[in-house]
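Encoded as structure tokens, the structure appears first; notes follow it.
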Amino acid sequence: MALVGTKEMLKKAQKGKYAVGAFNANNMEIIQAIVEASEEEKSPVIIQASQGAIKYAGLDMIVAMVKTIAEKASIPVALHLDHGTDYFQNILCLRAGFTSLMYDGSALPFDENVAMTKKVVEMAHVCDIPVEAEIGQVGKMDSSDEPGVAREKIKEFMAKPEDADRFVQLTQVDILAPAVGTIHGCREPIAKLDIPRIEKIRDLTGVPLVLHGASGASDEELVKGIAAGICKVNIDTRIRMAFTNTIRSYLNEHPEEIDPRKAIKPAFVAAKEIIKGRIKVLGSTGQA
């Protein structure tokens, strides 16, 4: 089927008290794994492209791959821009066929974040495209950080519920990604979500909430976060780890192999299993 937007998809998840997985498109095989896993679980899905992925593959190539795969899919598939920190990048993605945008102005002062997000929202809403924005700062894991140190680092950058409410009112953003305890790039499930903070932001804003950096959250934490109001969960690191570690193992076991497809096939299977497992934890199985 044709690509769909994220607004209605996430409103449905909000009512049903489950979350939709948003998986990053790092290459063709991972995109295929995302859709195949979602079809087998009969789950809606969001495929998202970061600015790094766009730089790597090219905007037109990513859109063409996702559209081609989505058109043959039996489940709703949305194409979302992940962490679009540039206004013009959002315009290019809208023009290219993305069905959901994100403006990430979380590194800016509050008023500047509001101003730029509002600008993106006004542009996107003309085309009936939803916009996600971030408040607070979801940091990035430093390889030298101990789990306790990492948790302490992110506490001061968590989103304040009152700021989140004011932000949504001023920008009219459709989807909100508040910093609530996760951190990007975690390879171990060390994150502790601030559940009361999530609940307060949910009650004040009323919009679907997004959890970034979810690869670093345990299944238990994810379930608690979804019950508190999280409707979209971003997952990238776990998939990349499974994919690349499987390729590494295969090539170590078959050093004479020169056909990349033979190494990529088991990596595809490994990524697909991770995605299916995440879908089950998020509770979106059977919701397509």
Handout entry: Nearby aspartates and glutamates by direct alpha-carbon distance to K11 (threshold 14 angstrom, same-chain neighbours under 8 apart not counted)
Key = E132, D174
Completion exercise
For the stretch 245-288 the GluC sites (Glu not before Pro) that pass both the DSSP coil test and the at-most-15 other-Cβ-within-10 Å test are E256, E257
Exercise for the section: With N denoting the number of residues in the stretch 7-282, provide Rg(C-alpha) divided by 2.2 N^0.38 Å, to two decimal places. Expected result: 0.98
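Please go through the residue pairs K7/K262; K42/K155; K55/K119; K42/K67 and name each one whose alpha carbons sit more than 30 Å apart in this structure.
Details: K7/K262 39 Å; K42/K155 37 Å; K55/K119 24 Å; K42/K67 19 Å.
Beyond 30 Å: K7/K262; K42/K155.
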Practice task
Treat each spin label as a single point 7 Å out from the Cα along the C-beta direction, and report the Y87 to N245 distance in nm.
Solution key: 4.3 nm
Practice task
Can you figure out the FRET efficiency of E273 with E8, using R₀ = 25 Å and their beta-carbon distance, to the nearest 0.05?
Solution key: 0.30
Handout entry: Ranked list, fewest to most other Cβ atoms within 10 Å of each Cβ, for T205, T99, T285, T68
Key = T68, T285, T205, T99
Completion exercise
Going residue by residue through the stretch 254-266, the Karplus relation 6.51 cos²θ - 1.76 cosθ + 1.60 with θ = phi - 60° gives ³J(HN,Hα) values, rounded to whole Hz and with x marking Gly or Pro, of 10, x, 7, 6, 10, 8, x, 5, 6, 7, 6, 4, x
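Any read-out appearing in this document is the output of simple, stated calculations on the displayed coordinates, not a laboratory observation. Not measured: the values here are computed from a predicted model. Cβ sites come from the backbone with ideal geometry, for glycine too, and all protein chains shown count toward neighbours.
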